[in-house]
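Working notes, beginning with the structure itself.
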Amino acid sequence: MKKFWIALVVIIVLSLAGTGIFYYLRFFGPNVTDKQEYLYIKTGSTLNDVFKTINEQGIVKDTTSFLQSAQSMKYVKVKPGKYRLKSGMSNRNFINMLKSGNQEPVTLAFHNIRLKDQFAGFVSKKIEADSVSIVRLLDSAKFAEQYGFTTDNIYTVFIPNSYQLYWNTSPEKFFKRMYANYEKFWTPGRKQKAAELKLTPQEVSVLASIVDAEALHDDEMPTIAGLYLNRLNKGMKLQSDPTVIFAVNDFTIKRVLNRDLITNSPYNTYMYKGLPPGPIMMPSVNAINAVLDYQKTDYLYMCAKADFSGNHAFATNEAEHRVNAKAFQQALNDRNIKR
């Protein structure tokens, strides 16, 4: 009889130990696989949505233990984001990460992206918001006006740099993040320089976009900026080929023709005086600074050099410019560049 009780106790102890090990492994045992590097949880997702994604992507070995652990740990409020997965993570660690919203930020680095639509497409590959929602926001006159922009010049808010933000950032929060950096970039010193040029920060960026489009080499930017400022101050048309290319909306053009110059667009600086209503590309920081710290010269004309070095031949008068332009046109002909 004594042996019976001893055996029963042993069975109970082993049973309890087995149960304890079972529950320990359910919570603390490795369960996350190496099939995915990240788990993306969309805004508005429920636990069922998360479970479905985890199941479809094979993120855990045992989906039942994950779901039971989630329910036991009261994982109810789902926080969207981009979560880094580590192979061998336990259900407990995995769910604690999701509950706390401990997501990994994404790095967004951009520079000199030509068009607003292209930029929206680039950003949408980095964050949850799609390109349509980003463009819709930037094309909203009411939204732009809140920040002192128009739908034409709102693109000047994006200062090329490297940024960190969360994947589930909405279009509105993304813009606010960019605007905060814009405000930081436009220091009192930069604003003062812009005021001395009788330009707003947005106008400086618009001119910088033209300078950037013209300059293949950064060291020419201050000279080009000074030339255009001279033309603006004299009431002359800027007559910038890149603005015509923007107006025509054909960025494959290597040779601007006379028929392009009559394109009726506020961006065509051969047709209209002053600055266009918005930037023709995202200007670099170097181009913006080149406008603010322009080189003082008497130049009013420039033309690409005939040696195709990417440098320009500058002139103070039209007669000298005609000589430079003729040389470049001949060089284009020699290379059979018709368009």
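The values are calculated or read from the model by the stated rules, or taken from the named source; none is laboratory data. Because the structure is a prediction, the values reported are computed rather than measured. Using ideal geometry, Cβ is built from the backbone for each residue, glycine included, and neighbour counts are taken over all protein chains shown. With ligands, DNA and RNA removed, areas are computed over all heavy atoms of the protein, side chains included. Shrake-Rupley method; radii C 1.70, N 1.55, O 1.52, S 1.80 Å.
Mind checking whether some residue in the stretch 217-229 is in a helix (DSSP H, G or I) and small (Gly, Ala, Ser)? Yes, some residue in the stretch 217-229 is in a helix (DSSP H, G or I) and small (Gly, Ala, Ser). Of all the residues in the stretch 49-79, those that are within 32 Å of the chain's Cα centre (by Cα), in a loop (DSSP other than H, G, I, E, B) and free of Cβ contacts under 8 Å to residues at least 24 places away in the same chain number 2. Restricting Pro188, Pro279, Pro222 to those that are surrounded by fewer than 22 Cβ atoms within 10 Å (Cβ to Cβ) and not hydrophobic (A, V, I, L, M, F, W, C) reduces the list to Pro188. Looking at the stretch 80-110, which of its residues are among the polar types (S, T, N, Q) and either over 23 Å from Ile127 (Cβ atoms) or not in a strand (DSSP E or B) (or both)? Answer for the stretch 80-110, where residues must be among the polar types (S, T, N, Q) and either over 23 Å from Ile127 (Cβ atoms) or not in a strand (DSSP E or B) (or both): Ser87, Ser90, Asn91, Asn93, Asn96, Ser100, Asn102, Gln103. Restricting the first member to the stretch 253-273 and to residues that are under 25 Å from Asn336 (Cα atoms), and the second to residues that are β-branched (Val, Ile, Thr) and surrounded by fewer than 16 Cβ atoms within 10 Å (Cβ to Cβ), the beta-carbon pairs closer than 7 Å and six or more apart or on different chains are Lys254/Ile337; Arg255/Ile337.
Beta carbons closer than 9 Å, at least 6 apart along the sequence or on distinct chains, pair a first residue in the stretch 146-161 that is closer than 18 Å to Arg114 by Cα and of a type outside the set (S, T, N, Q) with a second that is modelled with pLDDT under 95 and open to solvent by 50 Å² or more (accessible area, probe 1.4 Å) for Pro160/His111; Pro160/Asn112. Restricting the stretch 230-246 to residues that are outside any loop (DSSP other than H, G, I, E, B) and more than 17 Å from Pro266 (Cα to Cα) leaves a set whose member that is most open to solvent (accessible area, probe 1.4 Å) is Asn233.
Candidates in the stretch 247-269 are the residues that are part of a loop (DSSP other than H, G, I, E, B) and more than 25 Å from Asp117 (Cβ to Cβ); of these, the one that is most open to solvent (accessible area, probe 1.4 Å) is Ile262. From the list Ala194, Ala208, the lone residue that is in contact with an Asp or Glu (Cβ under 8 Å, 6 or more places away or on another chain) and among the small types (Gly, Ala, Ser) is Ala194. For the stretch 111-140, the set of residues classified as in a helix (DSSP H, G or I) and either in contact (Cβ under 8 Å) with a residue 40 or more places away in the chain or acidic (Asp, Glu) (or both) consists of Asp117, Phe119, Val123, Ile134, listed by residue number.
Selection of first residues in the stretch 229-245 that are without any contact (Cβ under 8 Å) to a residue 40 or more places away in the chain and under 11 Å from Leu300 (Cβ atoms) and of second residues that are among the hydroxyl-bearing types (Ser, Thr, Tyr) and open to solvent by 20 Å² or more (accessible area, probe 1.4 Å), restricted to Cβ pairs under 6 Å at least 6 apart or on distinct chains, gives the following pairs, ordered by first then second residue: Gln239/Tyr270.
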